[in-house]
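Single-structure report; data block below.
Rule-based calculations on the coordinates, nothing more; no lab input. Please read these numbers as outputs of a predicted model, since none were measured by experiment. A quick note on method: Cβ atoms are made from the backbone with ideal geometry, for glycine too, and the neighbour counts reach across all protein chains shown.
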Amino acid sequence: MAKNTYPTPMLDNLESGPWPSFITGIKRLRDEHPDERINSVTNGLLGQLEHSYETRKGYWKGGTVSVYGYGGGIIPRFSEVASAFPESKEFHTLRVQPPAGNFYTTDMLRQLGDSWEKHGSGLVTFHGQTGNIMFIGATTEATQHFFDEINEYGWDLGGAGPCVRTAMSCVGGARCEMSNCNEHAIHRWMVNNFTDDVHRPALPYKFKFKVSGCPNDCQNAIERSDFAIIGTWRDDMKVNQEAFKKYLETKGRQYIIDNVITRCPTQAISLDDNDNFIVDNHNCVRCMHCLNVLPKALHPGDDKGVTILIGGKRTLKIGDLMGTVVVPFKKLETEEDYESLQEMAEDIIDFWAENGLEHERCGEMIERIGLVNFLEGIGIDVDPNMVNNPRQSSYIRMDGWDEEAEKWFERKREEKLAASA
Amino acid sequence: MAQEMRSPIESGCPDAFQYMHPVMRKNYGQWAYHEDPQPGVLLHVSKYGDKIWTVRAGTQRILDVFTLRKLCDIGDQYGEGYIHFTIRSNIEYQVADESKVQPLIKALTDAGFVVGGTRNSVAMLSHTQGWLHCDIPGTDASGVVKSMMDEMIDEFKNWNMPNRVHMTTSCCQINCGGQGDIAINVQHTKPPKINHNLVSNVCERPSVVARCPVAAIRPALVNGKPSLEVDEKKCICCGACFPPCPPMQINDAEHSKLAIWVGGNHSNARGKPTFQKLVASGIPNNPPRWPEATAVVKKILKTYKEDAKDWERINDWIERIGWPRFFEKTGLPFTKYHIDNWRGARASLNASTHIRF
């Protein structure tokens with residue numbers, strides 16, 4: 001136990017109330033942990049945090065810290081008020097990649113906790129907003145020791161800085177009936193083929209892969225990733241009419257009409273006179289609403305695959321961007337399918353590394369140069385699924401029209417041929 | 001260096017299948033449907049009839065090793081040793097034996113964790129690092145979340161809402177917390193205060209100039225030293241210059257405020273995904289409990305709960321009732337700051353006679 005602890009009157013206020021208190025947890029490390037090093041570093045941390053609460057300012061600054069052989073993966077933090085709180089003057093975070101989908105055994109969590117207690121502050125978060133396990137609070141020297149130890153039993157650092165970042169995937173096929181792809185295989189295939197770009201930041205800015213198994217997009221991939229992979233299907237959705245009728249009996253006709261039938265964004269469903277659930281599959285946009293409300297009756301079809309959207313990001317610098325559809329549908333079953341997805345990601349990252357400005361996300365580059373230039377750069381044909389509507393402005397030079405129209409017809413002929421083969 | 005350094009094993013992202021509950025491994029991709037037996041509990045049934053129960057609980061997210069071990073003890077003693085974390089940092093235990101569900105809930109509750117966060121509840125706020133660990137924070141994150149979840153504990157533990165409510169909080173305008181049905185984010189209101197003695201030593205000036213979204217920063221000689229100056233008429237007080245140039249201090253105890261945004265929705269269900277929209281600002285950044293921000297959030301939640309239809313997320317609800325009625329019903333002021341003037345802003349203007357009376 002630390003002999004002289006910094007007073008924390010404001011933080012103490014956060015120990016009351018029904019939600020678990022992080023302050024109580026940090027205090028336990030300060031007061032009850034057998035290692036004096038941990039008592040001391042958490043005492044300094046609480047002192048500095050109390051100072052922040054009193055002055056309404058943050059007092060951490062960045063720097064350059066990494067482990068041997070890597071350029072990133074650590075968030076360096078040096079205290080600007082180290083003279084007042086010297087115990088936690090170096091308080092770096094290690095970003096460690098979780099298993100795809102965030103699955104753990106208690107044994108593995110204990111092992112990680114034991115290693116962390118040996119080298120770090122004893123504070124950890126599952127997970128940060130980028131998707132990493134965050135081991136919060138290590139000195140520069142300890143980051144290397146901790147990394148060496150956990151790296152030996154299968155854990156590696158994630159991304160920090162201008163690099164390919166740690167990826168994220170939903171619970172997916174492990175426990176969800178809406179899953180349309182092997183989220184965790186895709187997650188690992190993609191990010192582990194860019195390991196060099198994860199560990200050695202040399203891109204214009206960050207680049208994120210996220211995988212959601214259905215259009216509910218529980219991983220927020222469209223808005224939060226440069227490369228969003230969303231599971232979907234292209235044949236008919238499955239309807240179990242018996243299960244539907246049970247819903248009708250228990251929930252009532254009005255509930256089904258008001259909460260399912262009329263909520264379809266493309267009016268693709270109806271209730272017939274014999275209480276059957278009728279779907280116009282050709283006009284269903286796979287929004288998931290009716291499947292979400294009636295999970296026992298409605299399911300994705302069998303012809304599953306993924307939609308790829310590129311360029312999502314948050315505010316800095318030009319404002320929020322959602323990803324844009326670049327591949328409306330792609331099968332992901334064979335090794336060749338996975339390889340072609342990986343090649344597409346390589347093409348995109350290469351093109352962006354060549355053409356992106358410093359600190360410019362992929363989506364911002366697309367905004368600057370236009371989607372068509374981007375598509376030509378990565379060798380992907382235009383598709384009407386990429387737009388909400390065709391152009392509204394007539395201010396465009398179109399003297400290549402005949403050739404472009406011929407390309408479209410040629411592609412359609414090829415698709416027809418391939419379909420009949 | 002005298003001692004030889006160890007080369008890293010670049011193993012990348014670990015395989016998850018080795019850590020999955022055996023029933024999940026066996027039925028991977030073969031789930032038929034799920035039920036919600038009670039708040040915080042999910043039951044998934046596979047095509048082969050196998051069943052798995054999930055018990056979800058909220059934690060303090062910043063876990064100390066004692067708490068981590070407590071969560072593992074509960075998993076070993078009352079669960080089956082398998083754990084999954086949600087994107088909102090809730091812990092989930094999977095068990096194949098239904099009789100374990102109630103004792104597991106009791107053990108979690110007795111240990112001070114909060115079971116809930118499923119279906120149409122107010123989910124755990126997703127949040128960032130704040131004063132605890134970030135280098136540019138305008139406020140704390142864990143403290144704001146603790147304060148708000150204390151107030152919204154019933155909404156987390158029950159299914160009281162028309163649909164799920166995802167809340168987020170961010171300590172600067174970069175918004176690492178992301179989109180939310182309700183987002184509580186720092187909003188600076190004054191230009192950065194520049195320490196001209198430090199700029200040339202600390203900052204790569206051309207990249208700071210390039211970082212400004214409105215080209216308000218230019219190189220200048222101040223007191224005979226190379227520095228940067230800000231055109232304060234152009235400055236939008238976004239703080240983008242502060243990370244690459246810490247002497248351009250944007251955080252201010254008085255003038256860094258909180259703003260509240262609503263209607264962000266990542267899902268494609270019903271409509272396409274939406275960004276959150278500004279509804280309130282000028283809220284004091286008031287540690288340790290931030291009561292003013294919580295009051296606004298509770299007012300919005302109350303109005304949504306009373307007025308929205310089943311399955312409407314906040315964005316669906318506002319789209320149906322219209323923004324004028326949102327401001328009328330919540331009592332929040334509509335100001336000139338609500339009208340967008342950023343690129344693409346015209347698309348947000350009403351170019352029709354669609355007006356509700």
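Data overview
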{"item": "Whole-number percent relative contact order across segment A:89-247, with pairs defined as alpha carbons under 8 Å at least 6 apart", "result": "20 percent"}
{"item": "Exercise: per-residue mean of other protein chain Cβ atoms within 10 Å, A:392-405", "result": "0"}
{"item": "FRET efficiency, 1/(1 + (r/R0)^6) with R0 56 Å, evaluated for residue A:272 and residue A:145 via beta carbons", "result": "0.25"}
{"item": "Loop-resident sites, segment A:304-338, for GluC sites (Glu not before Pro), counting at most 16 other Cβ within 10 Å (DSSP)", "result": "A:333"}
{"item": "Built amide H within the under 5 Å cut-off of residue B:222, gap 5+", "result": "B:227"}
{"item": "Relative contact order [Cα under 8 Å, 6+ residues apart], segment B:81-193, whole percent", "result": "23 percent"}
{"item": "Spin-label pair residue A:333/residue A:257, simplified geometry with 7 Å Cα→Cβ offset, distance in nm", "result": "4.2 nm"}
{"item": "Estimated [θ] at 222 nm from DSSP helical runs (n ≥ 4, -39500 (n - 2.57)) normalised by residues in chain B, nearest 500", "result": "-7000 deg cm²/dmol"}
{"item": "Modelled FRET efficiency - R0 22 Å, residue A:383 with residue A:282, Cβ distances, 0.05 increments", "result": "0.80"}
{"item": "Ascending count of other beta-carbon atoms within 10 Å, so fewest first, for A:210, A:412", "result": "A:412, A:210"}
{"item": "In order through segment B:184-191: 3J(HN,Hα) via Karplus (6.51 cos²θ - 1.76 cosθ + 1.60), integer Hz, x for Gly, Pro", "result": "10, 10, 5, 10, 6, 10, 10, x"}
{"item": "Proximal lysines relative to residue B:277, as straight alpha-carbon distance under 21 Å, when same-chain residues fewer than 8 apart are discounted", "result": "A:313, A:317, B:257, B:298, B:299, B:302, B:305, B:309, B:329, B:336"}
{"item": "Approximate spin-label separation residue A:405-residue A:242, in nm, with each point projected 7 Å along Cα-to-Cβ", "result": "5.5 nm"}
{"item": "Distant-in-sequence amide H partners of residue B:188 (H built 1.01 Å from N, under 5 Å)", "result": "B:257"}
{"item": "Which of A:420, B:170, B:348 has the fewest Cβ neighbours within 10 Å, and the rest in rising order", "result": "A:420, B:348, B:170"}
{"item": "Other protein chain Cβ atoms within 10 Å, averaged over every residue that makes up B:171-180", "result": "4"}
{"item": "Residues in segment A:196-232 reached by a label modelled at residue B:204 [backbone nitrogen below 19 Å; 7 Å Cα→Cβ]", "result": "A:197-207"}
{"item": "Pairwise centroid distance, computed over Cα atoms, of segment A:153-205 with segment B:168-219, Å", "result": "29 Å"}
{"item": "Residue of A:133, A:186, A:256 that the Gaussian network model of chain A assigns the largest fluctuation, springs spanning Cα pairs under 10 Å", "result": "A:256"}
{"item": "Part-to-part distance (alpha-carbon centres) for segment A:40-87 and segment A:364-392, which is given in Å", "result": "43 Å"}
{"item": "Chain A, helix-only ellipticity at 222 nm - DSSP H runs n ≥ 4, -39,500 (n - 2.57), divided by all residues, nearest 500", "result": "-11500 deg cm²/dmol"}
{"item": "Exercise: per-residue mean of other protein chain Cβ atoms within 10 Å, A:72-82", "result": "1"}
{"item": "Peptides ranked, highest mean first, by Cβ atoms within 10 Å: ranges A:165-177, B:49-61, A:385-397", "result": "A:165-177, B:49-61, A:385-397"}
{"item": "Residue of B:141, B:32, B:107 that the Gaussian network model of chain B assigns the largest fluctuation, springs spanning Cα pairs under 10 Å", "result": "B:32"}
{"item": "Percentage relative contact order, chain B, counting C-alpha pairs under 8 Å, at least six apart", "result": "12 percent"}
{"item": "Proxy reagent accessibility, fewest Cβ within 10 Å first, across A:327, B:145", "result": "A:327, B:145"}
{"item": "Overall Cα dimensions of the protein assembly as shown, principal axis frame, Å, largest first", "result": "77, 70, 63"}
{"item": "Filtered trypsin sites (Lys or Arg not before Pro), segment B:222-257: DSSP coil and at most 15 other beta carbons within 10 Å", "result": "B:233, B:234"}
{"item": "Centre separation in Å (Cα based) which lies between segment A:405-420 and segment B:243-259", "result": "56 Å"}
{"item": "Residues whose placed amide H lies under 5 Å from that of residue A:332, excluding near-sequence neighbours", "result": "A:306"}
{"item": "Cysteines without a disulfide-compatible partner [chain B; Cβ-Cβ under 4.7 Å]", "result": "B:13, B:72, B:134, B:171, B:172, B:176, B:212, B:235, B:237, B:238, B:241"}
{"item": "Loop-located trypsin sites (Lys or Arg not before Pro) in segment A:1-96 whose Cβ has at most 15 other Cβ within 10 Å (DSSP)", "result": "A:3"}
{"item": "Calculated from backbone phi, Karplus (6.51, -1.76, 1.60) coupling profile of segment B:153-170 in Hz, x at Gly/Pro", "result": "4, 5, 5, 6, 7, 10, 9, 9, 9, x, 8, 5, 10, 9, 10, 9, 9, 9"}
{"item": "Theoretical FRET efficiency, 1/(1+(r/R0)^6), r = Cβ-Cβ of residue A:343 and residue A:302, R0 30 Å, to 0.05", "result": "0.65"}
